[in-house]
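Single-structure report; data block below.
The values are calculated or read from the model by the stated rules, or taken from the named source; none is laboratory data. Computed from a prediction, not measured in an experiment: that's the story for all the values here. Cβ coordinates were reconstructed from backbone atoms using ideal geometry, including for glycine residues, and neighbour counts include every protein chain displayed. SASA here: full protein model, heavy atoms, side chains in, ligands and nucleic acids out. Shrake-Rupley method; radii C 1.70, N 1.55, O 1.52, S 1.80 Å.
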Amino acid sequence: MQGGGKLCYNAAMKLLSLYSADDLPALTKKYRLWAAAAAAVALAGVGLCVAFCCQVTPRNANLMELRCVLTFAAAGWVDIYLGAFRLGALRHEMEHTARILALPRATVRGSVTLDKKDRRIPHSITVRAVTVREGETLHRLWVDSYRLAPLGRALAAGDVLTLETAGGYVTAVEETP
């Protein structure tokens, strides 16, 4: 590192944080928007079914019944998808972020390698394995797949990095100049 035109070995290293206190309100807002979308889909399905029921006559009863069943089934499947995948993933991300923000930090420096495949932790987030070789010591860490980009950019600049960790997860990465 350089400071004032001279080589400066004791200069403070700059870490780029992967988690911040602003993440929780943003995730909560995103969760509420997806929940509102799921509620809107459910209400639209029910509203269409009521509209179909109001238009029933003896001649079109079979057609209106089929429309109600198809509409309600489609709205139900969309809501199941939103609840299971979007809302569930966001809830797990919020829980993970709150837990990581509350844990104490540690610093690890060494040769970093990143796995190529993501892994889904059941009832939690999707992660990627990070291995840090610090001399003879080998550290096995995890990084949230949604927060992987800064680590990937740092690895493109060089494989010897300083990482900040909490609870076995990478929370900050050395910023590349």
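Remarks
- Residues in the range 27-65 that are polar (S, T, N, Q) and under 42 Å from the mean Cα position of the chain (by Cα): Thr28 only.
- Of the residues making up the range 7-23, those that are open to solvent by 50 Å² or more (accessible area, probe 1.4 Å) and either modelled with pLDDT under 65 or not charged (D, E, K, R) (or both) are Leu7, Tyr9, Asn10, Ala12, Met13, Leu15, Leu16, Ser17, Ala21.
- Here Thr131 meets each of (1) outside any strand (DSSP E or B); (2) free of Cβ contacts under 8 Å to residues at least 24 places away in the same chain; (3) farther than 30 Å from Gly47 by Cβ with one exception, condition (1).
- Only one of Ala75, Ala84 that is within 22 Å of the chain's Cα centre (by Cα) and open to solvent by less than 70 Å² (accessible area, probe 1.4 Å): Ala84
- Residues satisfying the stated conditions in the range 123-151, i.e. open to solvent by 30 Å² or more (accessible area, probe 1.4 Å), touching a strand residue (DSSP E or B) at 6+ places or on another chain (Cβ under 7 Å) and more than 19 Å from Ile100 (Cα to Cα): Arg133, Glu134, Leu138
- Where a residue in the range 141-153 is at pLDDT 95 or above and its partner, wherever it lies, is of a type in the set (Gly, Ala, Ser) and surrounded by 21 or more Cβ atoms within 10 Å (Cβ to Cβ), with Cβ under 6 Å and at least six apart: none
- Residue check for His92: within 21 Å of the chain's Cα centre (by Cα), modelled with pLDDT of 90 or more and either open to solvent by 80 Å² or more (accessible area, probe 1.4 Å) or not β-branched (Val, Ile, Thr) (or both): yes
- Strands (runs of 3 or more DSSP E) wholly inside the range 136-177 that include at least 1 residues being of a type in the set (Val, Ile, Thr) and over 20 Å from the mean Cα position of the chain (by Cα): 137-144, 160-166
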